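For reference, the structure is listed below as structure tokens.
None of the figures in this text is laboratory data; all of them are computed from the coordinates on show. In this text the structure is predicted, and so the values were computed from the model without any measurement. When we count neighbours, we look across all protein chains shown, and the Cβ atoms used for this are built from the backbone with ideal geometry, even at glycine.
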2 protein chains.
Amino acid sequence: MDSINNLLNLDTINQQIREMEYAVRGPIPIRATQLAQELKSGVQKPFEEVIRANIGDCHAMDQKPITFFRQVLSGVLSPDKYLSNSEIPEDVKQRISLLLTELGGKSVGAYSDASGVEIIRRHVAEYIEERDGIASDWQSIVLTTGASEGAKAMLSFMNSGSSDGIPTGVMVPIPQYPLYSATICELSMHLIPYYLDEDNEWALSIDELQRSLNESKANCKPKAIVVINPGNPTGSVLTRNNIEDIIKFAKQNNLLIIADEVYQHNIWKSGAKFYSFKKVMHELNVKLELVSMMSASKGFMGECGLRGGYLEICNFDPQVKAVFFKMLSARLCSSILGQIAMDCVVKPPVKGSPSYDIFIKEKQEILDSLQKRAKLVADTFNSIPGIVSNPVAGAMYAFPKIELPEKLIKMAEEKQQKPDFFYAMTLLERTGICVVPGSGFGQIPGTYHFRTTILPQTDKMEKMMNKFKEFHLKFLDEFN
Amino acid sequence: MDSINNLLNLDTINQQIREMEYAVRGPIPIRATQLAQELKSGVQKPFEEVIRANIGDCHAMDQKPITFFRQVLSGVLSPDKYLSNSEIPEDVKQRISLLLTELGGKSVGAYSDASGVEIIRRHVAEYIEERDGIASDWQSIVLTTGASEGAKAMLSFMNSGSSDGIPTGVMVPIPQYPLYSATICELSMHLIPYYLDEDNEWALSIDELQRSLNESKANCKPKAIVVINPGNPTGSVLTRNNIEDIIKFAKQNNLLIIADEVYQHNIWKSGAKFYSFKKVMHELNVKLELVSMMSASKGFMGECGLRGGYLEICNFDPQVKAVFFKMLSARLCSSILGQIAMDCVVKPPVKGSPSYDIFIKEKQEILDSLQKRAKLVADTFNSIPGIVSNPVAGAMYAFPKIELPEKLIKMAEEKQQKPDFFYAMTLLERTGICVVPGSGFGQIPGTYHFRTTILPQTDKMEKMMNKFKEFHLKFLDEFN
């Protein structure tokens, strides 16, 4: 047999990709998968199951799908069966028929336009209009493969580094969802980190934004600011005032706003409210280029596996928008079923229709339960000495701060591990609980955190929190 | 109202994206959409319908879905309904149950691993083993959003231009499927064009490969060769001998092979056969890094809208493979329903199972009909003076050469259009037939072509070919 002289080795592949990190699926979740397999094959462990609190994957944590969504999705795949079935509610049948009429060959097997199926884009625009009370142009809506694809496409689109000779800078919150750092790294762009204010429920401080921007200017051409609201990994919800200040800052500094608003349905804290950047911008009479992302993966539906999402593009130059659409055309289109999942999100059953009551019941039960878990998680962490958590005001995460003893930090360094990585890995090995260390999202140097989801169902969540508390006290005791 | 000072204009966006072209969805298809809308709103045209022969979109051209596929897909979305329904065949129920067991929370709404659902990756490996008679490792299979995502990810992965200081070169056939040129442009890589031999049914000439490679070396570091077999846009099928020569060439020149094999089920010419690069490489006792792409969008199923595909990676360094998987993790996973469509492709009903007969009947009818249309298209073109077509040996396309009168070429130049673009646009405006000019795929300078699919159903195809012939004779007459 011929021997192989590998053309691709660690030094000859794309070095940006070699460097990039994505902790939500990094070494700790990979180890969690191994542990689950070992348990399955009968290996004894100090725990009976692996609890995956590392990723916002609702259905994997036994959240049930919304009946209306699944009926519509099943139905567009097998319309003959569904449309003639007397058990299927009329509004489901109507939606199936409406959608099929708008698809090539009346089939979900046909491609759509690169930007998505027209009627679904129109429904998205109507949803935004109703949410914000201001106009939305359906021709500025792009249906994407989850929200991730939209964010990635937009970052690539604005990346003029190779012709400018200076990297394109993007302001990114720290802590952040690592999609941003991974994509910016892959695209050889420049990440401009700004720290969120942990003492102020993770709000954005304008002084900090200005400091961060000023310091970046020697290294890049700043072009955009990413804001994640409700916050991932922070579980925060921005106040209207804070959003106003951010918009004014972006306007003064000529920055495009990338608003990651995928958790807009996930608001838990009493008094907190979701305001879209678009709405606040409009009410401030400011005009700025703005991109907003939404997803079918979060909210109350949690249909992550269907990969539905959208992007709304505001105030773009029409010629520039045309080039963006051209760029998208090379990947043909996003999944039609993902698009249809998005359609169900933005156009759920209306009051009086046959599916309405069950839809509202299912939706409310999920949201109520998540709200309870949000409180349970923050309260439990705050009851543990050495752990401090902000309220989980929104999204699906807590991001508590942990105080780690000097001895522990030293031992981690000896193992060439980050201290919070060492903490999270030990937590996993001893309890089966999988969380992501703060270093995977970024944090102020010398501080340590972890991110946990609030997604395990209530009984499992209670068990998990008890085990967590027990672990933490015992583990830290070993170093004190 | 605040005025806008656009940050993004044509000069400040990514210039690579500004430059890139994707003709399959370029100006002519965009005009086709406008014409269809005008017809719909009652505007008089010299034709009654727009025939979209520009894109390999089977269902949009009224190809019917395969029942087994749709039952499985509907069923995984609504398992309660399907598993208790006595009308659903047992093998469908078994597949639904098997797949659900392997999904997070037994739901298609959960994310899978970045590389896909394990059981589906195993099924893909079994399919490849059966196809080639040699081993396939399921851990080298990645489930992707159509084949396009896999190709794009792999090109980005091997792009070391920014650290090398020299662009990474990729050999690409001319004519080619413009996904490759678009991606190479977007990633600032270097396209090394090699011409296919039209006089030899679009085979690859090793002399031409060598010429092309030699000439490129001043401008780039050549790293890979893309081969599309069966050919898009050429409708060719490579002989085994030709594949052997290509593999030897790649070995001698230290090139990774990217084998776009998405049309492996679409073989029409008597005596032609699909040989995978993997199989031929194995039988030659050659070891080379190889990537093979497959899709749920083509073949007999044509489920383009579901966005299912896979990538098989052979002979990669394990560390390098791990980095590739890490890269994929930032986009979470491809659509679970797209993955399940791929599962149905690689593991269709087996002989003796309740769904077998109807599956075989549906599959065979589609393939037989496509085979007839392949012949009809090539024969009709060859009956038209000034048009010469190779046999449509495979895939879903004809790529005939047209002889254009000097006067026509001159008039096109006056309009600042490429002559074949002018030809195809006039065809569209006069007949409603939408094809893509050869310049969108590349061709030897001074020659002119267009690509048409063979996808309109037989009666429409016959009508289309008659109209085409009539148009061509009349149009060319105007210039003679």
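Restricting the count to DSSP beta bridges whose residues both fall in the protein assembly as shown, what percent are antiparallel, rounded to a multiple of 5?
50 percent
Quick one: of the DSSP bridges fully inside chain A, what percent are antiparallel, nearest 5? Intermediate values should be presented prior to the final figure.
Working: 21 of 42 bridges.
So the antiparallel bridges amount to about 50 percent of the total.
Rounded to the nearest Å, what's the spacing between the alpha carbon centres of region B:297-374 and region A:198-249? Just the number, please.
What the calculation gives is 44 Å, centre to centre.
Work out the length of the dipole vector of region A:111-346 about its Cα centre, built from +1 on the beta-carbon of each Lys and Arg and -1 on the beta-carbon of each Asp and Glu, and round it to the nearest 20 debye. Don't jump to the answer; show the numbers that get you there.
Values: 21 positive and 27 negative charges, 74 e Å.
In debye, rounded to 20, region A:111-346 gives about 360.
Taking each label point as 7 Å beyond Cα in the direction of the beta carbon, state the distances from residue A:139 to the same residue in the other copies, shortest first, in nm.
When each copy's label point is compared with this one, the spacings are 5.2 nm.
Using alpha-carbon pairs under 8 Å, 6+ residues apart, how would you state the relative contact order of chain B in percent? Each step should come with its number before you reach the end.
Values: 861 pairs, mean separation 101.0, N = 480.
Over chain B, the number comes to 21 percent.
Restricting to Cα pairs below 8 Å that are 6+ residues apart, what does the relative contact order work out to for region B:111-346? Please round to a whole percent.
Values: 437 pairs, mean separation 61.6, N = 236.
Here the relative contact order equals 26 percent.
Considering only C-alpha atoms, what is the centroid distance from region B:431-458 to region A:48-94, in Å?
So the two Cα centres are separated by 41 Å.
What do you get for Rg/Rh over chain B if you use C-alpha atoms and the Kirkwood form of Rh? Numbers along the way, then the final one.
Numbers: Rg = 23.2 Å, Rh = 23.8 Å.
Rg/Rh: 0.97.
Compactness ratio of region B:204-260: Cα Rg over 2.2 N^0.38 Å, N = residue count? Could you put the intermediate results ahead of the total?
On the way: Rg = 11.5 Å, N = 57, 2.2 N^0.38 = 10.2 Å.
Ratio of Cα Rg to 2.2 N^0.38 Å: 1.13.
With +1 on each Lys and Arg Cβ and -1 on each Asp and Glu Cβ, how big is the dipole of region A:380-473 about its Cα centre, in debye rounded to the nearest 20?
My answer is approximately 80 debye.
Neighbouring Cβ atoms within 10 Å as the yardstick, rank B:465, A:154 fewest first. Can you show the working numbers first?
Numbers: B:465 21, A:154 24.
Listing B:465, A:154 from fewest to most nearby Cβ atoms yields B:465, A:154.
Going by the alpha-carbon gyration tensor, a ≥ b ≥ c the square roots of its eigenvalues, is region B:111-346 rounded (a/c under 1.5) or, if a/c is not under 1.5, prolate (a/b greater than b/c) versus oblate? Numbers along the way, then the final one.
Working: a/c = 1.57, a/b = 1.18, b/c = 1.33.
Taking the square roots of the gyration eigenvalues as a ≥ b ≥ c, region B:111-346 is oblate.
Calculate the dipole size of chain A relative to its Cα centre from +1 charges on Lys and Arg beta carbons and -1 charges on Asp and Glu beta carbons; express the result in debye to the nearest 20. Let's see the in-between values first.
Values: 52 positive and 57 negative charges, 66 e Å.
Result for chain A is approximately 320 debye, rounded to the nearest 20.
Put the label 7 Å from Cα along Cα→Cβ for residue B:351; what are its distances to the other copies, in nanometres, shortest first?
From this label point to the equivalent ones elsewhere in the assembly: 6.3 nm.
Assume the label is 7 Å from Cα along Cα to beta carbon: what separations in nm does residue B:6 have to the matching positions in the other copies?
List, nearest first: 4.6 nm.
Does region B:26-163 come out rounded, prolate or oblate, given a ≥ b ≥ c as the square roots of the eigenvalues of its C-alpha gyration tensor, rounded meaning a/c under 1.5 and, failing that, prolate meaning a/b above b/c? Before the final figure, lay out each step's value.
Details: a/c = 2.41, a/b = 1.33, b/c = 1.81.
In terms of gyration-tensor shape, oblate.
Can you bin every Cα-Cα distance in region A:114-205 into 5 Å intervals starting at zero and give me the percent of pairs per bin, rounded to whole numbers?
P(r) for region A:114-205, in whole percents per bin: 3, 12, 16, 15, 14, 17, 16, 7, 1.
Could you tell me which of rounded, prolate or oblate describes region B:228-381, using a ≥ b ≥ c as the square roots of the eigenvalues of the alpha-carbon gyration tensor, with rounded for a/c under 1.5 and, failing that, prolate when a/b is larger than b/c and oblate otherwise?
Values: a/c = 1.97, a/b = 1.20, b/c = 1.64.
Oblate.
Starting from the eigenvalues of the Cα gyration tensor, five times each then square-rooted, give me the equivalent ellipsoid semi-axes of the protein assembly as shown, largest first, whole Å. Can you show the working numbers first?
Details: eigenvalues 412, 186, 185 Å².
The three semi-axes for the protein assembly as shown are 45, 30, 30 Å.
Arrange the following residues from fewest to most other Cβ atoms within 10 Å of their Cβ: A:190, A:282. Walk me through the intermediate numbers first.
Values: A:190 21, A:282 18.
Ranking A:190, A:282 by Cβ neighbours within 10 Å, fewest first, gives A:282, A:190.
Averaged over its residues, how many other protein chain Cβ atoms are within 10 Å of peptide B:320-326's Cβ atoms? Walk me through the numbers on the way to the answer.
Working: counts 8, 1, 2, 8, 4, 2, 9.
For this peptide, the per-residue mean of nearby foreign Cβ atoms is 5.
DSSP beta bridges in region A:111-346, what fraction antiparallel, as a percent rounded to 5?
Details: 12 of 31 bridges.
Counting DSSP beta bridges with both partners in region A:111-346, the antiparallel share is about 40 percent.
Over 27 Å between C-alpha atoms is what I'm after, so list which of A:40/A:463; B:278/B:401; A:326/B:217; A:298/B:321; A:223/A:418; B:298/B:326 land there. Write out the running numbers ahead of the final one.
Details: A:40/A:463 21 Å; B:278/B:401 32 Å; A:326/B:217 31 Å; A:298/B:321 30 Å; A:223/A:418 32 Å; B:298/B:326 29 Å.
Violating the 27 Å limit, Cα to Cα: B:278/B:401; A:326/B:217; A:298/B:321; A:223/A:418; B:298/B:326.
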